[in-house]
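> Got a structure for you, written out below as structure tokens; questions coming shortly.
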Amino acid sequence: MLDQFPPHTTIAVADLERAKAWYADKLGLEPASEDMGGAWYECAGAKFALFPTPFAGSAKNTVMEWTVDDVAKIVTDLKGRGVTFDTFEMEGVEWDGDIATMGGHKGVWFKDSEGNILAVTS
């Protein structure tokens, strides 16, 4: 039954105003709308929301990922906005600076102002 409805990502934030400023400054994203529950964003037809909660930043996994054509170009653009990237040790992952190669895929990981892990992959 749920296959008939589009899902969306929700991202926990401790400070909604700080998070909105980070998403605007670092990622160039502005809320499409806001309500009592938080701020809603739209990216290429997909939606995600930032919602305030004391549990922000407690996830140890990637909470949202963008699939792009050119990871290296996005890394350059994000670094220009002050985003820093994380690396980690994992079997089968090779690193070239900040960019991981996993088979035929490339990716980078970074944290938002609230400690949530975000990724860009190709």
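The values are calculated or read from the model by the stated rules, or taken from the named source; none is laboratory data. Since the model is a prediction, treat every value here as computed from it, not as a measurement. Quick reminder, even Gly has a Cβ in these numbers, built from the backbone with ideal geometry, and neighbours come from all protein chains shown. Side chains included, ligands, DNA and RNA excluded: accessible areas come from the protein's heavy atoms. Shrake-Rupley method; radii C 1.70, N 1.55, O 1.52, S 1.80 Å.
> Relative contact order (percent) for the chain, with alpha-carbon contacts under 8 angstrom and 6 or more residues of separation?
Answer for the chain is 28 percent.
> Could I ask something else about it? In Å², and per residue, what accessible area does the range 2-122 have when probed at 1.4 Å with the other protein chains present?
Here the per-residue accessible area is 62 Å².
> I'd like the carbon and sulfur percentage of the solvent accessible area for the chain, probe radius 1.4 Å, heavy atoms only, ligands and nucleic acids excluded. Show your work: numbers first, answer last.
Numbers: 4110 of 7690 Å².
With neighbouring chains kept in place, the figure for the chain is 53 percent.
> At a 1.4 Å probe radius, which order do ASP3, ASP25, ASP112, ASP98 fall into by accessible area, largest first?
ASP3, ASP25, ASP98, ASP112
> Using DSSP to call loops (not H, G, I, E or B), can you name the GluC sites (Glu not before Pro) in the range 65-122 whose Cβ has at most 15 other Cβ atoms within 10 angstrom? All intermediate terms of the calculation are to be shown ahead of the outcome.
On the way: sites: GLU65, GLU89, GLU91, GLU94, GLU114; in loops: GLU89, GLU91, GLU114.
Filter output for the range 65-122: GLU89, GLU91.
> Could you pull out the longest piece of the chain with no exposed loop trypsin sites (Lys or Arg not before Pro) in it, calling a site exposed if DSSP puts it outside H, G, I, E, B and it has at most 15 other Cβ atoms within 10 Å?
On the way: sites that count: LYS60, ARG81.
Longest stretch, sites excluded: 1-59.
> Cross-link partners among lysines for LYS106, C-alpha distance below 16 Å, same-chain residues fewer than 8 apart left out?
List returned: LYS73.
> Given H placed 1.01 Å from N in the peptide plane, which residues other than close sequence neighbours of LEU29 have an amide H under 5 Å from its amide H?
ALA24
> A further question on this structure: Treating the angle as unsigned and between 0 and 90°, give the value, to the nearest 10°, between the Cα long axis of helix 16-27 and the longest Cα principal axis of the chain.
40
> Same structure again: Extending each Cα 7 Å along its Cβ direction at GLU94 and ALA24, get the distance between those two points in nm, one decimal.
4.3
> Go through the range 4-12 residue by residue and turn each phi into a ³J(HN,Hα) via Karplus (6.51, -1.76, 1.60, θ = phi - 60°); whole Hz please, and just put x for glycine and proline.
8, 10, x, x, 9, 8, 10, 10, 6
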